[in-house]
Amino acid sequence: MKGIYICLLFPIVWAACDFRSKYHKAADEMAAKLPESTNMNVGKQNYSLYIPKGWTTEHRSAYGIDYYYLLAPKTEEDRNTSINVITEFMQNLSLEVFKTKAIESVKRGIPSASNFEEGGLTANGLQGAWYSYTMEPQGIKAALVSYIFPKDGIAYTITAGTEVKDPSRYRSLFDSIARSLKFTELVPVKK
């Protein structure tokens with residue numbers, strides 16, 4: 001469950017690269033509590049996601065995890081709204097059990113996490129689950145939602161978050177991006 005916990009670091013990890021202040025300290029504090037990432041980075045299935053106009057994408061590694069980021073345009077009042085995707089071996093757990101363990105992991109690893117909600121979501125015929133919460137590590141207020149989609153024993157977890165004062169304004173966009181998840185097959189090139 002390291003992946004679920006560490007993907008929650010994304011607003012902080014991303015900000016740490018830009019600001020080198022309390023964000024970096026918060027990310028390092030949470031990362032110090034993490035176990036090894038042996039079940040991470042296992043998803044090899046190609047997928048696509050809707051990328052909103054003006055957003056950029058980037059692949060990045062942090063704390064042993066490979067992330068695929070979707071980054072909102074930065075503004076003075078909104079510097080860190082972003083989405084990331086990670087993959088983790090589900091260890092033969094059902095979607096419901098995996099989600100429950102993920103929530104338990106968040107509660108253990110991030111004492112300031114609160115206001116949990118959860119539900120289900122379908123992306124192109126694939127049944128998934130979501131949970132949302134708020135947190136405030138090192139005084140950084142953030143609202144996050146994680147979407148989990150199982151595919152061949154691998155959890156594709158999409159975590160979206162923002163630090164803005166009104167995170168609800170992004171929720172429908174976050175949901176639409178998660179619903180856009182589509183797995184694609186590689187097409188062999190004929191010679």
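Tally Lys and Arg at +1 and Asp and Glu at -1 over the other residues with C-beta under 15 Å from the C-beta of K44: what net charge comes out? Result for the local shell: -3.
Only four residue types carry charge here, +1 at the Cβ of Lys and Arg and -1 at the Cβ of Asp and Glu. Report the dipole size of segment 76-163 about the Cα centre in Debye, rounded to the nearest 20. Present the calculation step by step, with values, prior to reporting the outcome.
Working: 7 positive and 11 negative charges, 60 e Å.
For this selection, approximately 280 debye.
Taking 0.36 nm per residue of sequence separation and subtracting the Cα-Cα distance, how much length would be gained by fully extending the chain between D166 and T75, in nm to one decimal?
Answer, rounded to one decimal: 31.3 nm.
In the context of the full protein assembly, D166 retains an accessible surface of approximately 80 Å², using a probe radius of 1.4 Å and ignoring ligands and nucleic acids.
A cut-off under 11 angstrom between Cβ atoms defines the neighbours of Y69, and their net charge, with Lys, Arg +1 and Asp, Glu -1, is -1.
The values are calculated or read from the model by the stated rules, or taken from the named source; none is laboratory data. Just so it is clear, the structure is predicted and the values come from calculations on it, not from any experiment. Ideal geometry is used to build each Cβ from the backbone, glycine not excepted, and the neighbour counts take in all protein chains shown. Each accessible area value is taken on the protein alone, full model and side chains, heavy atoms only, with ligands, DNA and RNA left out. Shrake-Rupley method; radii C 1.70, N 1.55, O 1.52, S 1.80 Å.
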